[in-house]
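Student: For reference, the structure I am asking about is given below.
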Amino acid sequence: MKIWLIPCLIIAFFLISTGHASAEITSPYTVDEKNQVMFADSTAVSGHEGLENYTNDYVGGFLHFTFTYTHHSGYFSDHPPRVYVTALDPRTTATPTVRTNTIAYQLLAGTHSTDWYSYDIQFDSTGYTVLVKQTDSTVIDSTHKTVTGITSTDWAALANTYDISPSSNLSMSFTPLLVEEVVSAPSNNSDSSSVSSSRSSRPGERSRCVDTNIGLYCPNEQTREWYIKFNMEMLIYLLQKMVIELSNQMF
């Protein structure tokens, strides 16, 4: 074997072993959710095995991921969980603008103990923070990653680069979600209706009643028609009163 072949074989072995030869996150993005995902370093520990207990929600208005992960100290994963952020919903385009496609946190052979670990990924306006705990108690890493160009309308997902196969428990690509929570504004129609309703049934409505000496006049609304009617009635009343007073004076 020629000597120049040796470096080539070493490079080829490295590419294959680390999964950089062809595996990638698909475009358009393919959702591939599973309750349990297995990795090269997965092992059963205290009722946990592989990646499990994935959750997502919004904390402080920003996206939040959590999951558990088991690790054997003699191995490491060549397709670990990744944080994948794009400018648009990656399911809708074959050419997404990728803000970041980064390993969340790599558990290493010979460095991290055989155990189960909890991951907490919290986004903010500039990027996200990854908090990793061993057995959900001992913090082994807490790192903030700044994502260049990130905006409130970007999308994020947890995924790996293993070739997608619904029948395999080695691939995963969870549903992309908006980085920042969208809060629906109150309906303007309901607001105007409530204002209109409050105006037509105010407790002080009776305060507009007027004692005309011929009865208590209480209009439902102060309209132009009511004022005309009220003024005419007052004029008739005053004329009648004047006629009576003149009659009394004459007789």
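Student: Regarding GLY60, is this residue small (Gly, Ala, Ser) and either crowded, with 19+ Cβ neighbours inside 10 Å or not assigned by TED's automatic domain parsing to the domain that holds VAL130 (or both)?
Tutor: Numbers: small (Gly, Ala, Ser): yes; either crowded, with 19+ Cβ neighbours inside 10 Å or not assigned by TED's automatic domain parsing to the domain that holds VAL130 (or both): no.
Against the criterion (small (Gly, Ala, Ser) and either crowded, with 19+ Cβ neighbours inside 10 Å or not assigned by TED's automatic domain parsing to the domain that holds VAL130 (or both)), GLY60 does not qualify.
Student: Of the numbered conditions (1) among the basic types (Lys, Arg); (2) modelled with pLDDT of 95 or more; (3) within 30 Å of LEU239 (Cβ to Cβ), ARG208 fails exactly one; give the number of that condition.
Tutor: Unmet condition: (2).
Student: On to the next question. Filtering the stretch 100-135 down to residues that are of a type in the set (D, E, K, R) and farther than 20 Å from ASP89 by Cα, which residue is surrounded by the most Cβ atoms within 10 Å (Cβ to Cβ)? Write out each step before concluding.
Tutor: Here is the first cut: in the stretch 100-135, the residues of a type in the set (D, E, K, R) are 115, 120, 124, 133.
Keeping just the survivors that are farther than 20 Å from ASP89 by Cα gives 115, 120, 133.
On the way: ASP115: 19, ASP120: 17, LYS133: 17.
If we take residues in the stretch 100-135 being of a type in the set (D, E, K, R) and farther than 20 Å from ASP89 by Cα, then ASP115 is surrounded by the most Cβ atoms within 10 Å (Cβ to Cβ).
Student: Shifting gears a bit: Just need a number here: residues in the stretch 110-167 that are outside any strand (DSSP E or B), among the polar types (S, T, N, Q) and farther than 18 Å from GLY61 by Cβ. Working first, answer last.
Tutor: Let us first name the residues in the stretch 110-167 that are outside any strand (DSSP E or B), namely 110-114, 124-126, 135-137, 147-154, 160-167.
If we keep only those that are among the polar types (S, T, N, Q) too, we end up with 111, 113-114, 125-126, 135, 137, 148, 151-153, 160-161, 165, 167.
Next cut, farther than 18 Å from GLY61 by Cβ only: 111, 113-114, 135, 137, 148, 160-161, 165, 167.
Here the count works out to 10.
Student: Further question on the same structure: Output yes when any residue across the stretch 78-98 is outside any strand (DSSP E or B), among the hydroxyl-bearing types (Ser, Thr, Tyr) and without any contact (Cβ under 8 Å) to a residue 12 or more places away in the chain, and no when none is.
Tutor: Looking only at the stretch 78-98, we keep the residues that are outside any strand (DSSP E or B), and these are 78-81, 87-97.
This time we only want the ones that are among the hydroxyl-bearing types (Ser, Thr, Tyr), so: 92-93, 95, 97.
Remaining after also requiring without any contact (Cβ under 8 Å) to a residue 12 or more places away in the chain: 97.
Yes, the stretch 78-98 has at least one match.
Student: Going by what's in this entry, would GLU24 be described as touching a strand residue (DSSP E or B) at 6+ places or on another chain (Cβ under 6 Å) and either farther than 17 Å from ALA157 by Cβ or modelled with pLDDT under 95 (or both)?
Tutor: Details: touching a strand residue (DSSP E or B) at 6+ places or on another chain (Cβ under 6 Å): no; either farther than 17 Å from ALA157 by Cβ or modelled with pLDDT under 95 (or both): yes.
No; evaluated as a whole, the condition is false for this residue.
Student: Only one of these conditions is not met by THR102: (1) under 14 Å from VAL37 (Cβ atoms); (2) in a strand (DSSP E or B). Which number is it?
Tutor: (1)
Student: Does PHE67 satisfy the criteria of being within 27 Å of VAL85 (Cα to Cα), of a type outside the set (S, T, N, Q) and at pLDDT 95 or above? Give the derivation first.
Tutor: Numbers: within 27 Å of VAL85 (Cα to Cα): yes; of a type outside the set (S, T, N, Q): yes; at pLDDT 95 or above: yes.
It is true that PHE67 is within 27 Å of VAL85 (Cα to Cα), of a type outside the set (S, T, N, Q) and at pLDDT 95 or above.
Student: For the stretch 32-48, enumerate the residues that are out of contact with any Ser or Thr (no Cβ under 6 Å at 6 or more places or on another chain) and not in a loop (DSSP other than H, G, I, E, B). Can you show your working first?
Tutor: Residues of the stretch 32-48 out of contact with any Ser or Thr (no Cβ under 6 Å at 6 or more places or on another chain): 33-38, 44, 46-47.
The answer is VAL37, ALA44.
The values are calculated or read from the model by the stated rules, or taken from the named source; none is laboratory data. As the structure is a computational prediction, the values presented were derived from the model and not from experiment. In this analysis, Cβ positions are derived from the backbone assuming ideal geometry, glycine residues included, and neighbour counts consider all displayed protein chains.
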